[in-house]
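Visitor: One structure coming up, written as structure tokens, with questions to follow.
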Amino acid sequence: MNILITGSTSGIGLQLARDYLARGNTVYCCGRNTASLTSLIRDFPDFAQILCFDTADRIDCSERLEKLPALDLVILNAGTCEYINAANFDSELYERVVKTNLIGTANCLEFLIPKLKPGGSLAIMGSSSCYLPLPRAEAYGASKAAIEYLTKTLSISLKPSDINVSHIAPGFVETPLTALNNFPMPMSVSVEFASKKIRSGLSKKKSEIHFPISFTWILKAIRLCPFGVQKLLIEKLFRSSGPTLNLG
Ligand SMILES: NC(=O)c1ccc[n+]([C@@H]2O[C@H](COP(=O)([O-])OP(=O)(O)OC[C@H]3O[C@@H](n4cnc5c(N)ncnc54)[C@H](OP(=O)(O)O)[C@@H]3O)[C@@H](O)[C@H]2O)c1
């Protein structure tokens with residue numbers, strides 16, 4: 001298969017790239033970290049292609065993506081997380097997070113949807129934080145809630161073009177991003193586990209890939225409650241996990 005993965009220099013995206021490369025796929029590995037991209041070429045000289053660009057920069061995206069050949073699978077995974085102090089709301093922080101997570105994804109969609117073969121798949125990285133309103137995730141959670149809406153809408157809009165669209169919503173995964181978290185991460189999983197779940201879900205063309213299910217089903221169950229009950233449950237969870245609980 002011809003596969004493109006954004007954010008393949010670190011964490012979940014790097015593991016996905018390595019796993020798909022190890023199985024003989026051609027993978028277009030994307031990111032800004034040239035040292036990490038170079039190591040993929042060194043380890044998989046026959047299969048890795050590297051594309052160094054900033055997904056939040058539309059011109060950069062067009063220059064890197066417009067000349068690509070047809071693709072079987074695109075995984076838009078690049079993302080970041082910064083936490084908000086609501087009492088001292090920082091709109092520049094908000095713009096940074098939304099620009100990377102949402103606008104960066106939209107920039108890639110513009111140039112990559114036309115590259116997908118009929119029968120191909122598009123997967124977009126959301127987060128289980130989109131299921132509930134979590135304190136300090138005003139920027140990150142909102143960007144991922146928008147990703148959920150965007151992805152689910154695309155899965156309907158692109159069906160006539162025979163393109164399968166999957167929304168990926170992990171719980172905590174141990175990566176350089178979550179290594180910065182200074183709070184407990186319940187039921188966190190390794191990047192190897194995350195990659196296996198994502199690859200398995202994509203091979204079955206699942207429209208939603210969420211894991212670990214023991215964690216995500218709890219969030220989904222709370223989401224079914226009236227908002228007043230959700231608030232009480234989140235506050236309880238919040239108190240028991242310390243003052244900075246949040247999702248990665
Ligand atoms: N870890 C978790 O617990 C967790 C849970 C739910 C969802 N997620 C989501 O999973 C995705 C990957 O997260 P991770 O934990 O693996 O984080 P990570 O290790 O920090 O990796 C983030 C990746 O995104 C790329 N990236 C970020 N901003 C970019 C930009 N402007 N242009 C191009 N590439 C950019 C980075 O590449 P460069 O630095 O090389 O540009 C890097 O490869 C994110 O969308 C995150 O929100 C993570």
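The values are calculated or read from the model by the stated rules, or taken from the named source; none is laboratory data. Note that this is a predicted model, so its numbers are computed, not measured. Every residue, glycine as well, gets a Cβ built from its backbone with ideal geometry; the counts of neighbours run over all protein chains shown.
Visitor: If residue 121 meets every condition in (1) part of a helix (DSSP H, G or I); (2) surrounded by 16 or more Cβ atoms within 10 Å (Cβ to Cβ); (3) hydroxyl-bearing (Ser, Thr, Tyr) apart from one, which number is that one?
Guide: Here residue 121 clears every test but (1).
Visitor: What residue, among those in region 91-131 that are of a type in the set (S, T, N, Q) and farther than 26 Å from residue 218 by Cα, is farthest from the chain's Cα centre (by Cα)?
Guide: In the first step, residues of region 91-131 are kept if they are of a type in the set (S, T, N, Q); the result is 91, 100-101, 105, 107, 121, 127-129.
Next, from what is left, pick out any that are farther than 26 Å from residue 218 by Cα: 91, 100, 105, 107, 121.
Working: 91: 22, 100: 11, 105: 9, 107: 15, 121: 15 Å.
This residue is 91.
Visitor: Quick check on residue 165: is it of a type in the set (Val, Ile, Thr) and away from the ligand (no atom under 15 Å from the Cβ)?
Guide: Details: of a type in the set (Val, Ile, Thr): yes; away from the ligand (no atom under 15 Å from the Cβ): yes.
So residue 165 passes the test.
Visitor: If the Cβ limit is 7 Å and pairs must be 6+ apart or interchain, which residue in region 34-55 that is of a type in the set (S, T, N, Q) pairs with which residue that is modelled with pLDDT of 95 or more and part of a loop (DSSP other than H, G, I, E, B)?
Guide: Cβ pairs passing all conditions: 36/9; 36/10; 55/6; 55/78.
Visitor: Can you tell me which residue in region 187-213 is modelled with the lowest pLDDT, limited to those that are part of a loop (DSSP other than H, G, I, E, B) and surrounded by fewer than 16 Cβ atoms within 10 Å (Cβ to Cβ)? If you could, list the steps in order and put the result at the bottom.
Guide: Taking region 187-213 and keeping what is part of a loop (DSSP other than H, G, I, E, B), we get 187-188, 190, 204-207, 212.
Among the residues that remain, those that are also surrounded by fewer than 16 Cβ atoms within 10 Å (Cβ to Cβ) are: 187, 190, 204-205, 207.
Working: 187: 91, 190: 98, 204: 98, 205: 97, 207: 97.
By that ranking, first place goes to 187.
Visitor: Right, something else. Here are 92, 148, 138: which of them is more than 9 Å from the ligand (Cβ to nearest atom) and assigned to a loop (DSSP other than H, G, I, E, B)? Before the answer, list the steps.
Guide: Working: 92 fails: assigned to a loop (DSSP other than H, G, I, E, B); 148 fails: assigned to a loop (DSSP other than H, G, I, E, B).
Answer to the check: 138.
Visitor: Testing residue 78 on (1) assigned to a loop (DSSP other than H, G, I, E, B); (2) touching a residue at least 60 places away in the same chain (Cβ under 8 Å); (3) away from the ligand (no atom under 11 Å from the Cβ), one condition comes back false. Which one is that?
Guide: Against the list (1) assigned to a loop (DSSP other than H, G, I, E, B); (2) touching a residue at least 60 places away in the same chain (Cβ under 8 Å); (3) away from the ligand (no atom under 11 Å from the Cβ), residue 78 comes up short only on (3).
Visitor: Further, regarding this structure: Among the numbered conditions (1) without any contact (Cβ under 8 Å) to a residue 60 or more places away in the chain; (2) over 27 Å from residue 179 (Cβ atoms), tell me where residue 73 comes up short.
Guide: (1) is the only condition that residue 73 fails.
Each row is one residue, and each column tells you yes or no for (1) in contact with a strand residue (DSSP E or B) (Cβ under 7 Å, 6 or more places away or on another chain); (2) touching a residue at least 40 places away in the same chain (Cβ under 8 Å); (3) assigned to a strand (DSSP E or B).
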| site | (1), (2), (3) |
| --- | --- |
| 82 | no, yes, no |
| 108 | yes, yes, no |
| 130 | yes, no, no |
| 133 | no, yes, no |
| 167 | yes, yes, yes |
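Visitor: Continuing with the same structure: Working only within region 176-191, note down all residues that are within 17 Å of residue 9 (Cβ to Cβ) and not small (Gly, Ala, Ser). Explain how you work it out, then say what you get.
Guide: First, pick out the residues of region 176-191 that are within 17 Å of residue 9 (Cβ to Cβ): 176-180, 191.
The answer is 176, 177, 178, 180, 191.
Visitor: Just the residues that are within 9 Å of the ligand (Cβ to nearest atom) and of a type in the set (Lys, Arg), please, taken from region 1-36.
Guide: 32, the sole residue that qualifies.
Visitor: Another one. I'd like to verify a number: residues in region 44-70 that are away from the ligand (no atom under 16 Å from the Cβ) and in a helix (DSSP H, G or I), how many?
Guide: Count: 0.
Visitor: For residue 179, all conditions in the list (1) at pLDDT 95 or above; (2) assigned to a helix (DSSP H, G or I) hold save one; what is the number of the exception?
Guide: Evaluating residue 179 over (1) at pLDDT 95 or above; (2) assigned to a helix (DSSP H, G or I) leaves (1) as the failure.
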